[in-house]
Structures are given as C-alpha cells and as structure tokens.
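Below: one structure, written as structure tokens.
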Amino acid sequence: MSTLLVKNAEVVLTMDGERRQIRNGGIFVRDNVIEKIAPMSELPAEADRVIDASGMIVLPGLINTHHHFYQTLTRAVPGAENHKLFDWLVRLYPIWGEMGAEEVYVSTKTAMAEMILSGCTTSSDHLYLYPHDATFGDQVRAAEEIGMRFHPTQGSMSLGRSKGGLPPDHVVKEEDVILKEGQQIIERYHDPSRYSMLRVTLAPCSPFSVTTDLMRESAKLARSYEKVRLHTHVAETKDEESFTMRDFNLRPARLMEELGWVGPDVWWAHSIYVNDDEIRMMAETGTGVAHCPSSNMRLGSGICRVREQLDAGVNVSLGVDGSASNDSSNMFEEARHMLLLQRVKYGAEAFTVQDALDVTILGGAKVLGRDDIGVLEPGYAADFIGVDLNTLSLSGGAVHDPLSSLLLCSVNRVDFSVINGKVIVEDGEMKTLDLESHIAHHNQLARKMVARHPEPERYKLV
C-alpha cells in the first residue's frame, strides 16, 4: 500500500456538512482513500509521496455532469457561431459524421485534459453518435490512460430526418442495435463498486432525435442493472417545447414523466423551460439537473432557474456542455458563469460563492449517484486539487478570502490534481499526457473534418 501526504496548505476546504476550512492543514491518503484530514500538527510527518501545498487552497475536485467531448474538434466552426440550437445542430451534424475511432479517442483526451487542468476530477460525457469505426471503448481507453474518474454515457439517436427527427439519417442507428449495444457496454465496462473509476449511463439524445419506444426500453434496461443511470437533454430551448407540444401535446418535462424518465437515477441536461409545477415534480421524484450556463448563453437558449430549483429541493449540478457550444471545458470558469448568471436573474445576494461550489461539487456527486467523492473526509476517494493563491489573477483577492477568490477572481489552472490517489497534475503540468504533441494531432484532425464541409447547409426542422 502506498501513502500520500499533502502538507502545509494555506486552507483545506472540506465541503463536509459544516463546510469546514482547515488552516495550515493537510491530507493523508493511503492508496486511493483519504485516511486523515487535519491541521498539520495532527498528521503523519512522512509518506511515500509528499506534496507541499504551501500558499495553496486545497479542495475536492470539481464534478462535471454534462459534456460532449468530441465537440472539441468543432469549436468556433464558421457557420455555427451565431445560431440557436437547432440551426447550430444542422450545421454541425454532417461534420460530426466524419468522425471515427481516432477522432473520438483524441477529442476525449483533449476535453479531459482541459477539465483536469481547470479543477475537474470526475466527468460524465454524452457521446450520442458513433460514425464509421468509432466505439464507446475509444472513450474508455482515453480515460484510463489520462487517469480521470469517468461516467460515460451510451448516447443514441434513432430518429433521423426522414422520420421527422433532426439528425441526418446516416448518423442514426436502429433501436434494436442501440439496446443490444447498451447491454454489451454495461456488462463489459460498468463498475458499481465503491471508488469506481467508470460507471455507465444510458442516454438517448433528446426528444427530437429518438422515439418514445427507445426512451422506455432504455429506462427498463438501465434499471435492470445496479447503479446504471439515465441521462438526456430536456427543456433546453423553446424550439424543443414546440416540437414536443406538436408531436405529443406535452411539454418536455411532462413527456419525460410519462415515459418514466424521472427519479433519483435520472438527470436532465439544461432544464431551462420548466414551470413551477414541473420543478416541484422534479424535486418530489429526485430527478437531477445538469446546469450548463455557458452553452445556454452561447446559443441564446435562456437562463435556467437554478435558484428556484435548489429552493424547491431539486438536485442541481454543473456541466460545461459541448465544447462546440461553450466553446470551452474550463470548470472554474463554468462555475463562475453560473454564479454571475444567477445573480443577473435573481440579484447579487441570491446566489453565493458557497452556493456555486455546492452545486459544482456536492451537486455533481449526488446527481451521479456517488457517496464516495465530493467531500474531503476519511473514507472518501482521494480526489482533490490545489490552487496556488499567489498568482496574478488571484492577487489582492486570495489574501482577503481564498474561498471567494476562486470564483470572484479567475483560476487559470490548478497547481496539482490528485485523482483516485494518483498525482495527475503537478506544478501545473499534466503528468499523463504530452500536451504539445497532443494539441498538434487534435488540430490536424479538426482541420481535416471541417475541410469537407466548408459551407453551412440551409435547412431547418419544419
């Protein structure tokens, strides 16, 4: 068994029930589990590995609950910069159809590296199209190599344009194939054990890209296994609401309720256009939300009613969403945008820095069904980050309030990151990926994909 000691931290933010902040504190880890967290005078003096956190704030790793890693290849694509969701999708679907296994693998590493360097230690991802030779396993391999705790989802689309859906026919699959592959993925990759590094979720993409039959059958399949969860996009835009009202005479949230897509094993992405009754339903059923503020602003979708959802008892978490609708995977920046956007809607006193951190860390753990991450306490997984308070962007802020400076100021990069007891970032540098060569490779793939589709397609869903 190996040991790790993080020592001399300016402050350790535990995120426990009392939100304790330990001055001149540290963490002692055995293998991948926290054994002790305390002031330095109460910790062992030595360990197999020691990290000197002098001048830093140490806190649990941030948790991302909604993303589309592959979209790092299509950031800032001409013809998609100034559109709302449906038109944005129409432009990008043909480009995404050019992907294969290499593109999925490389883009996964890109998104994960960006998130890890910005404080994230656990992430979900929603990969919902598998063109050419791309597979679910390509993402799993990337995650194992980079060392991130991962909740991949088997996304799916079955309702092509010829059947009244939004995606082009060549990127959708038959529903019996989707369900068979989902079962195979769960049985091969899903690990429900404590401290698991990989848990699978089933995630039909959206009401306008799958049928209600696939939604129902996916729910049945997931619930036949231990700790397999359900995820999809719900109530992201007014266009989606128009679509579900036209085809089902139901608002998106009520359609999900009718399909059995509510409960503590379900979380929805976005949930902007939910009314008071629907918020109460979400709270009563334990249905979670992945709030995606940057994407919602980028696409002009709207502002999620996070303050009201939290007050009603809804489990709300944070997601950076797709890298082509954000166009970033920076978790501290995302948390800051959430804080500021909620203040735009509700006022400066309505949403605090602690509220934002609670959503980003504790909310993420709860939405993903984890009781072993998100808190620095004995018995929890050793997932934590260190932020150097003596940086230009925090100067003049961290000396007054290290906690508030994390979101009121700007965190450009974490100094260290430990995931499952392993040091993944040290001195601000990735230890599991050669970034320079990786970025060059990623850019090469991105140029190749977009070059085949230089002009936007001009059609809309009718």
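Assorted remarks:
- Residue list for the range 137-179, restricted to those being aliphatic (A, V, I, L, M), in a helix (DSSP H, G or I) and within 20 Å of Tyr105 (Cα to Cα): Val140, Ala142, Ala143, Ile146, Val171
- Checking Ala324, Ala269 one by one, the residue that is buried (at least 22 other Cβ atoms within 10 Å of the Cβ) and modelled with pLDDT of 95 or more is Ala269 and no other.
- Output for the range 394-452, where each listed residue is over 24 Å from the mean Cα position of the chain (by Cα) and of a type in the set (D, E, K, R): Asp401, Asp427, Glu436, Arg447, Lys448, Arg452
- Considered as a group, the residues in the range 247-272 that are touching a residue at least 60 places away in the same chain (Cβ under 8 Å) and in a loop (DSSP other than H, G, I, E, B) include one that is nearest to Val316 (Cα to Cα), and that residue is Pro264.
- Looking only at the range 273-300, and only at residues there that are assigned to a loop (DSSP other than H, G, I, E, B) and modelled with pLDDT of 95 or more, the one that is nearest to Asp358 (Cα to Cα): Cys292
- Boolean, Glu10 is part of a strand (DSSP E or B), in contact with a Gly (Cβ under 8 Å, 6 or more places away or on another chain) and at negative phi: yes
- When residues in the range 384-404 are screened for being among the acidic types (Asp, Glu), touching a strand residue (DSSP E or B) at 6+ places or on another chain (Cβ under 8 Å) and under 13 Å from Leu13 (Cα atoms), 0 of them pass.
- Residue ID - nearest to Ala290 (Cα to Cα), chosen from residues in the range 315-334 that are part of a helix (DSSP H, G or I) and among the hydrophobic types (A, V, I, L, M, F, W, C): Met331
- Taken across the range 252-260, residues that are modelled with pLDDT of 95 or more, closer than 27 Å to Thr121 by Cβ, in the same structural domain as Leu357 (by TED's automatic domain parsing) and buried (at least 22 other Cβ atoms within 10 Å of the Cβ) do not occur at all.
- Among residues of the range 30-83 being outside the structural domain of Phe332 (by TED's automatic domain parsing) and basic (Lys, Arg), the one that is farthest from Glu103 (Cα to Cα) is Lys36.
Every residue, every condition in (1) in the same structural domain as Thr352 (by TED's automatic domain parsing); (2) of a type in the set (A, V, I, L, M, F, W, C); (3) without any contact (Cβ under 8 Å) to a residue 24 or more places away in the chain, yes or no:
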{"site": "Leu362", "(1), (2), (3)": "yes, yes, no"}
{"site": "Tyr380", "(1), (2), (3)": "no, no, no"}
{"site": "Ile385", "(1), (2), (3)": "no, yes, no"}
{"site": "Leu392", "(1), (2), (3)": "no, yes, yes"}
{"site": "Ala398", "(1), (2), (3)": "no, yes, no"}
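- Among (1) under 22 Å from the mean Cα position of the chain (by Cα); (2) in a strand (DSSP E or B), the one test that Thr72 misses: (2)
Table: residues versus (1) surrounded by 17 or more Cβ atoms within 10 Å (Cβ to Cβ); (2) in contact with a helix residue (DSSP H, G or I) (Cβ under 7 Å, 6 or more places away or on another chain); (3) basic (Lys, Arg).
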residue	(1), (2), (3)
Pro131	no, yes, no
Lys163	no, no, yes
His170	no, no, no
Glu181	no, no, no
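- Some residue of the range 101-108 being part of a strand (DSSP E or B), closer than 18 Å to Gly155 by Cβ and either among the basic types (Lys, Arg) or in contact (Cβ under 8 Å) with a residue 24 or more places away in the chain (or both): no
- Scope the range 232-251; condition within 21 Å of Asp125 (Cα to Cα) and hydroxyl-bearing (Ser, Thr, Tyr); matching residues: Thr232, Thr237
- Residue satisfying all of: in the range 437-455; touching a helix residue (DSSP H, G or I) at 6+ places or on another chain (Cβ under 8 Å) and surrounded by fewer than 17 Cβ atoms within 10 Å (Cβ to Cβ); farthest from Ser323 (Cα to Cα) among these: Arg452
- Some residue of the range 55-66 being over 30 Å from Glu10 (Cα atoms) and in contact with a Ser or Thr (Cβ under 8 Å, 6 or more places away or on another chain): yes
- Total residues in the range 13-43, condition surrounded by fewer than 18 Cβ atoms within 10 Å (Cβ to Cβ), of a type outside the set (D, E, K, R) and out of contact with any Gly (no Cβ under 9 Å at 6 or more places or on another chain): 4
- Looking across the range 51-103, the residues that are among the polar types (S, T, N, Q), crowded, with 24+ Cβ neighbours inside 10 Å and closer than 26 Å to Glu377 by Cα come down to Asn64, Thr65.
- Members of the range 189-246 that are buried (at least 17 other Cβ atoms within 10 Å of the Cβ), assigned to a loop (DSSP other than H, G, I, E, B) and among the β-branched types (Val, Ile, Thr): Val200, Val210, Val228, Thr237
The values are calculated or read from the model by the stated rules, or taken from the named source; none is laboratory data. Model, not experiment: these values are computed from the prediction. Here the Cβ is made from the backbone with ideal geometry for all residues, glycine too, and neighbour counts use every protein chain on show.
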